[in-house]
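K.L.:
Supplied in structure tokens, the structure appears directly below.
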Amino acid sequence: MTEIGSSRAWRKFLRHRPAVIASVVIAVYVAVALSVLLTGWITLEDTSARVGPANLPGFGLLPDPEQRMDNAEWLAERIESLCDRADPEEALAGFRDLGSRRLADLNVDEFRRRIDAIWDTWDRLAELDDVNEAARSPETGPEVREGLAELDRRCEALLQPVSETGSVWRTLELLLGTDRQGRSIFLRAVYSIRVAVMIGLVTGLLAVAIGTLAGLAAGYFGGITDGIITWLYSTFASIPGIVLLIVLAFMFSGGELDASLNRVTGGLLRTVLGGRLDETLIPVYISFAITFWIGPCRVIRGETMKIRELEYVQAAVVMGFGRMRLLLRHVLPNVSHLMLINFSLLFIAAVKSEVILSYLGLGVQNGPSWGLMISQSGQEVMKGFFWQIGSATGFMFVLVLAFNILTDALQDVFDPKHV
Amino acid sequence: MWTYLIRRLAWNVPVYLGILLFIMIVLRVRDPVFARLPKNATEQDKADIRAELGLDQPFVAQYRDLLRQVCTLSFDQESWSHPGQTVGQIMKRSIGPSLAITVPALVFTTVLSVTVALCSAWFRGRLPDRLLVLTSVLGMSISFLVYIILGQYFAAFRMREITGIDLFAISYDPEVSGVGGMEFVTTVWPRYYLLPVLTSVVVAMGYDTRFYRAVMVEESSRDYIITARAKGAPQWRIMFVHMLKNAMIPIITRVATTLPFLITGSFLLERYFGIPGMGNQLLLAVESLDFPVVQAFTAVFAALYIATILLTDILYALVDPRVRLS
């Protein structure tokens, strides 16, 4: 048993280099999450807006020729249909599916002329049986590639040239490509950091707080308190965790819970969230907390029962200190390392469970999350597009790996006897 | 031992009653009548459906009915979303597909990960051990869902495209549902179940290898190992005869605690591969607010869970004479 305040243990922890690196990585993730939460440099609208054609690869790589033609076709058709509207000027001004880019400041006739130029090139390329094949073959290759480049230039002529400041944001938007609906994968993956960190922090803190309170009370007071708390956690622990999680998440996902919480707190929730009651993750938090508090409770109850019998606690009792002081000053610090280890374990469990719940349609409902991104990428993978599954997995992998390393180090340092 | 057993059983009675109560209360957070109303329903329709589902009964009566079903093991209540079928029939039908994944997966995983853990402990601290530990930590940091998606893409889809070997099914063939017996094992199982089993083994290997390695490492520093070494016993004999035998206790415990999950099946695998097992059935029931099915399934899962924990304790005492149940 090593107290968390002990400097010897911390020195040992600081010598554990992977653990220190892992802590830095976690700090970066939390910082990004906080910056998104507080400054809103990525909004929910950014993550759900179309920024360009579907399934564009990342790092500025060119899609295969056939897809480049499809993309040009998409843009030309969209603008053409806008030009055919009753009020084309207004429709063109309202066109928003290009992310941070805008249409060039041209009149309708000029647009039509440039689109006709696109169709000229497009038709020439479409005469080929297989564009991909033609672009590779040595005879037709140069000509086809030149045609494709011309197509791209003509599409570019419909848009405003990228300004200095806008180009950075545009690079970010297309850094990791776009998903099936043409949304930015990078912005979605980064916004998901906020979602994951929130889920991990809130459920970890809630579960550890409930578990610690219950465990301390049960272990220290014994008797009826212990009986009731042991009964409670045995009850929850006897339902397989994933079953409990699924049942709870579905039952609370109807929106009744958020609404009633809002009612009880006198509209506090709505005020804090700015009228967006449907975007809370409260059902997820509550079902995770109810499922996860058992682990810390069991461990801390056992440890408290051991500590209660130690001489220094007995001495404090003899000295006549009150129960609260005993619990808070003498027992709590000595179980704090277990709180930390359990928090770290629950963070991982929460982030990973979010993926499973989101796949089953019970997790995050609005806005992006790694779980939703991975679930949606199933069909893209069948077409050989790996940018979405790769980005979401990569971002999640680094965070979970850092927490795995941190948990191991914490266990080594503070709880060496644990297997 | 008998007094211990009886005391434990007695303690589990209130726990079990608590589970049934809890699941009934949680389910009633949402109103199942609402989802079953026809268009332009009147108050009368509402009341009729409520009565038809038996929800007009007082809560205590509903609780008593569930308790009766559990105690007599006759799940004869009709499912709400599958009219004409009792909960028992649904359970019987779905248990086979679940076991067809979970049993082979558990066997493969345990044998493989104990072997790998032994190898890892053999090379303790050296390169192979470090590589194995690193691989398992890396593997644990990737989501289950990613393994499933990529596994299906590469093992089933790409393999057929590149090599032309059509080993794993990609779409469902309705003819397979009636196949049973030996034919099931030789034709249907490899085609429809082997890939989910392999995926599950790969995912579980990371966790299990880590745990078993920790057990072996812990065991290898004990006195009897030092004695054996001092006697001049060869390394392989120490590993496979002395150590493995003593490491059996934690191994048995871990395997025993996963036994209830054989029945619950894997929700994710069953959902993704469209296998009509217990997990998939429970998910469907939860989504359609089919209370009888959810209640009965949870009751059975919880009973099995409690039973295995008890069994583990007894097994523990049988394997290790130092453990006394009191």
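The values are calculated or read from the model by the stated rules, or taken from the named source; none is laboratory data. No experiment lies behind these values; they were computed from the predicted model shown. With ideal geometry, Cβ positions are generated from the backbone for all residues, glycine too; neighbour counts draw on all protein chains shown. To get the accessible areas, we keep the full protein, side chains included, count just its heavy atoms, and leave off ligands, DNA and RNA. Shrake-Rupley method; radii C 1.70, N 1.55, O 1.52, S 1.80 Å.
K.L.:
Restrict the check to the stretch A:322-340 and report whether at least one residue is closer than 17 Å to residue A:192 by Cα and in contact (Cβ under 8 Å) with a residue 40 or more places away in the chain.
P.N.:
Of the residues in the stretch A:322-340, the ones closer than 17 Å to residue A:192 by Cα are none.
No, because not a single residue in the stretch A:322-340 is closer than 17 Å to residue A:192 by Cα and in contact (Cβ under 8 Å) with a residue 40 or more places away in the chain.
K.L.:
Is it fair to say residue A:152 is touching a residue at least 24 places away in the same chain (Cβ under 8 Å) and either open to solvent by 50 Å² or more (accessible area, probe 1.4 Å) or in a loop (DSSP other than H, G, I, E, B) (or both)? Please lay out each step first, then the result.
P.N.:
Details: touching a residue at least 24 places away in the same chain (Cβ under 8 Å): yes; either open to solvent by 50 Å² or more (accessible area, probe 1.4 Å) or in a loop (DSSP other than H, G, I, E, B) (or both): yes.
Considered against the rule, which asks whether it is touching a residue at least 24 places away in the same chain (Cβ under 8 Å) and either open to solvent by 50 Å² or more (accessible area, probe 1.4 Å) or in a loop (DSSP other than H, G, I, E, B) (or both), residue A:152 comes out as yes.
Results for (1) at pLDDT below 85; (2) open to solvent by less than 20 Å² (accessible area, probe 1.4 Å); (3) in a helix (DSSP H, G or I), shown as yes or no for each residue.
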position	(1), (2), (3)
A:42	no, yes, no
A:47	no, yes, yes
A:59	no, no, no
A:66	yes, no, yes
A:73	no, no, yes
A:77	no, no, yes
A:85	yes, no, no
A:89	yes, no, yes
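K.L.:
Oh, and also: Taking the criterion of being surrounded by 18 or more Cβ atoms within 10 Å (Cβ to Cβ), within 14 Å of chain A (Cβ to nearest Cβ) and at pLDDT below 90, would at least one residue in the stretch B:101-115 satisfy it? Please lay out each step first, then the result.
P.N.:
Looking only at the stretch B:101-115, we keep the residues that are surrounded by 18 or more Cβ atoms within 10 Å (Cβ to Cβ), and these are B:101-102, B:104-106, B:109-110, B:113-114.
Still in the list and also within 14 Å of chain A (Cβ to nearest Cβ): B:102.
Filter again for at pLDDT below 90, leaving none.
Scanning the stretch B:101-115 turns up no residue that is surrounded by 18 or more Cβ atoms within 10 Å (Cβ to Cβ), within 14 Å of chain A (Cβ to nearest Cβ) and at pLDDT below 90.
One line per residue, one yes/no per condition, for (1) more than 23 Å from the chain's Cα centre (by Cα); (2) under 23 Å from residue B:269 (Cα atoms):
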{"residue": "B:46", "(1), (2)": "yes, no"}
{"residue": "B:70", "(1), (2)": "no, no"}
{"residue": "B:78", "(1), (2)": "yes, no"}
{"residue": "B:99", "(1), (2)": "no, yes"}
{"residue": "B:122", "(1), (2)": "yes, no"}
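K.L.:
What pairs come out if I take residues in the stretch B:62-89 that are in contact (Cβ under 8 Å) with a residue 12 or more places away in the chain and under 18 Å from residue B:52 (Cα atoms) and pair them with residues that are assigned to a helix (DSSP H, G or I) and open to solvent by 40 Å² or more (accessible area, probe 1.4 Å) whose C-beta lies under 7 Å away, six or more apart or interchain?
P.N.:
Within 7 Å, the pairs are B:63/B:21.
K.L.:
OK, next. Looking at A:185, A:118 in this structure, which one is open to solvent by less than 40 Å² (accessible area, probe 1.4 Å), without any contact (Cβ under 8 Å) to a residue 60 or more places away in the chain and either farther than 30 Å from residue A:326 by Cβ or touching an Asp or Glu at 6+ places or on another chain (Cβ under 9 Å) (or both)?
P.N.:
Working: A:185 fails: without any contact (Cβ under 8 Å) to a residue 60 or more places away in the chain.
Exactly one of A:185, A:118 is open to solvent by less than 40 Å² (accessible area, probe 1.4 Å), without any contact (Cβ under 8 Å) to a residue 60 or more places away in the chain and either farther than 30 Å from residue A:326 by Cβ or touching an Asp or Glu at 6+ places or on another chain (Cβ under 9 Å) (or both), namely A:118.
K.L.:
From the list A:49, A:33, exactly one residue is closer than 23 Å to residue A:178 by Cα, touching a strand residue (DSSP E or B) at 6+ places or on another chain (Cβ under 9 Å) and in contact (Cβ under 8 Å) with a residue 40 or more places away in the chain. Which is it? Let's see the steps before the verdict.
P.N.:
On the way: A:33 fails: touching a strand residue (DSSP E or B) at 6+ places or on another chain (Cβ under 9 Å).
Only one candidate qualifies: A:49.
K.L.:
Look at residue B:81 and say whether it is over 20 Å from residue B:279 (Cα atoms), in a loop (DSSP other than H, G, I, E, B), among the polar types (S, T, N, Q) and touching a helix residue (DSSP H, G or I) at 6+ places or on another chain (Cβ under 9 Å).
P.N.:
Values: over 20 Å from residue B:279 (Cα atoms): no; in a loop (DSSP other than H, G, I, E, B): yes; among the polar types (S, T, N, Q): yes; touching a helix residue (DSSP H, G or I) at 6+ places or on another chain (Cβ under 9 Å): yes.
Criteria not met by residue B:81.
K.L.:
So is residue A:367 over 30 Å from residue B:133 (Cβ atoms), within 10 Å of another protein chain (Cβ to nearest Cβ) and not polar (S, T, N, Q) or not?
P.N.:
Details: over 30 Å from residue B:133 (Cβ atoms): yes; within 10 Å of another protein chain (Cβ to nearest Cβ): no; not polar (S, T, N, Q): yes.
In short, no.
K.L.:
Something else about it: Quick check on the stretch B:268-304: of everything there that is facing chain A (nearest Cβ under 9 Å) and charged (D, E, K, R), which residue is farthest from residue B:35 (Cα to Cα)?
P.N.:
So, considering only residues that are facing chain A (nearest Cβ under 9 Å) and charged (D, E, K, R), the one farthest from residue B:35 (Cα to Cα) is B:271.
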